[in-house]
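Taking it in order: structure first as structure tokens, then the write-up.
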Amino acid sequence: MSAQNAYLVLQGGRVLDPASGLDAVADVVVQDGAIVEVGVNAGAKYPGAQIKDVSGHLVTPGLIDIHTHCYPGLGDFCLPTDLMGVDSGVPVIVDAGTASTTIIELARRAIIDHPDTKTKVLALMDPSQIYLANKTFICHYLRIADDERNIDIESAKQVIDANRDVIVGFKVRPTITTNPDRSPFLDAAHEIAGDLPIMIHLGSFPHTPVLETNKLLYQLREGDIITHACRGGGGQLDDKGEPTKPFIDAYERGVLLDIGHSAGDFHFRTARRMIERGYLPNTISTDLNVFNVDGPVFSLSTTMSKIWALGVPLVDVIKMNTVNAAKAIRRSDLYGELSVGRSAEVSVLRIEEGPVKLSDGHETIEASRRLRAVGCLRGGVWYDAVHDLKGVTAELQEAV
Ligand SMILES: [Zn+2]
């Protein structure tokens, strides 16, 4: 860790801060964990500062991945927290519903608040009493995920009130019970959500029935988040591949589209069509878990590269994982921009010229270039992106 009051300068990178519109070769100066100045040659004002030369690289606000599974030891589905976080150049990650109301406190003690966790972790909590994401879908095959006795609104409210510093919303599996038109789990989440967003899983689950997409879309509020938004067969596009009316209405109402790539929940074909029709994703997330880290997801930078490869301008790709992601989890006051006085969450990426192969798990495309994380500052402390850089080898093997 750098000495107290010592200045650190990320020097000479292409600083891309969509919030301020800055896109220039510039320096980012931090001290004591906070950003003190951003600007062209700003580092020259701080003689004696520690210099980190990032010339030739992109420097962005700290990237945020709003859909990960990062509570290793709770079940067998999660990956090591920092692997998806600082070791991939991502200072802030959000767990999307690995755990529910009776389990979240343990996640706090073991992971979120644990001193060994370097990454800033926030949570979208499943509002059920018992939900644990695991490899065999136990809460689905034991039919806990569609048993209304699993809902306890009063205790869920208490858990929210006691943990507002880390719980940024809900992750809901919109399962149905006796009434095919309503999900009691979605209704319960809406009853207690207040101003917190609800992320819903688009698509099905083994063993438990879910609300039909057309019905689901009409029940989402402005600011609620559809994850797996570009999956195939999700019901957002009709038989001709055109966006459905409920989907268009939801989008126009301000429901947010999140990638949530996962092993099989992102299709280039769906994403291409949605982007062509003007329905851009709001956020790019990975849904990283044990089933997809060795491909096709690998890392957030790989996932961002796929959206970039579909023709979305780089500044918009960066915006999706900074400004937009911070806004989606209602943390714009803390994250998403390089503002003086804020905690120093800063990502550094490099552009690798291709051609490179990128796979969604169904289709492989050839992109002319890709992003890869070099490292990040988390609270002003530098971490090399050791996981993302290791991916160079894995992806080359995959492409062979
Ligand atoms: Zn997930």
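The values are calculated or read from the model by the stated rules, or taken from the named source; none is laboratory data. Here the structure is a predicted model, which is why all the values come from computation and not from measurement. For neighbour counting, all protein chains shown are included, and Cβ atoms are generated from backbone atoms with ideal geometry for every residue, glycine included. Accessible surface areas use protein heavy atoms only, side chains included; no ligands, DNA or RNA. Shrake-Rupley method; radii C 1.70, N 1.55, O 1.52, S 1.80 Å.
In plain terms, the chain from D76 to H114 could stretch by 11.8 nm, reckoned as 0.36 nm per residue minus the Cα-Cα distance. Expressed as a whole percent, the accessible surface of the chain that belongs to carbon and sulfur atoms is 50, based on a 1.4 Å probe. Semi-axis lengths, largest first, of the ellipsoid equivalent to region 122-201 are 20, 15, 11 Å, with √(5λ) applied to each eigenvalue of the Cα gyration tensor.
Evaluate E = 1/(1 + (r/R0)^6) for E353 and A24, where r is the Cβ-Cβ distance and R0 equals 35 Å; express this FRET efficiency to the nearest 0.05.
0.95
When K120, K157, K45 are compared by accessible surface with a 1.4 Å probe, the order from highest to lowest is K45, K157, K120.
Probing with 1.4 Å while keeping every protein chain in the model, the per residue accessible area of region 181-333 equals 35 Å². Of D224, D239, D53, the order by accessible heavy-atom surface (1.4 Å probe, DNA, RNA and ligands excluded), from most exposed downward, is D239, D53, D224.
Membrane-span-like helices in the chain: DSSP H runs reaching 15 Å or more (Cα, own axis), mean Kyte hydropathy at least -1.0?
On the way: long enough: 386-399 (20 Å, -0.19).
Membrane-span-like by this criterion, though nothing is claimed about a membrane: 386-399.
Candidate cross-link partners of K157 among the lysines, defined by an alpha-carbon separation under 17 Å and a same-chain spacing of 8 or more, comprise K171.
Wrap a convex hull around the Cα atoms of region 263-400, take a quarter of its surface area, and give that in square nanometres. Its average projected convex-hull area is 8.7 nm². Looking at the chain, which longest stretch skips every one of the chymotrypsin sites (Phe, Trp or Tyr not before Pro) that is in a DSSP loop with at most 16 other Cβ atoms within 10 Å, leaving the sites themselves out? Longest gap between qualifying sites, sites excluded: 138-290. In region 62-328, a dipole from Cβ-located charges (positive for Lys and Arg, negative for Asp and Glu) runs towards its positive end, and of N150, L257, T302 it is T302 whose Cα lies farthest in that direction. DSSP finds beta bridges in the chain, and of those with both partners inside it, around 60 percent are antiparallel. Comparing R182, R330, R164 in a Gaussian network model of the chain (Cα springs below 10 Å), the most mobile by mean-square fluctuation is R164. The label point for A263 and the one for R330, both projected 7 Å from the Cα toward the Cβ, are 3.4 nm apart. Distance from the alpha carbon centroid of region 180-195 to that of region 18-59 works out to 45 angstrom.
Comparing Cα centroids, region 300-356 and region 76-154 end up 24 angstrom apart. Heavy-atom accessible area with a 1.4 Å probe sorts D195, D27, largest first, into D195, D27.
Compute the length gained on full extension between E276 and E363: take 0.36 nm times their separation in residues and subtract their Cα-Cα distance, giving the result in nm to one decimal.
Working: separation 87, 0.36 × 87 = 31.32 nm, distance 1.82 nm.
Result for the pair: 29.5 nm of gain on full extension.
Based on Cα contacts under 8 Å between residues 6+ apart, the chain shows a relative contact order of 19 percent.
Per residue, the convex hull spanned by the Cα atoms of the chain measures out at 129 cubic angstrom.
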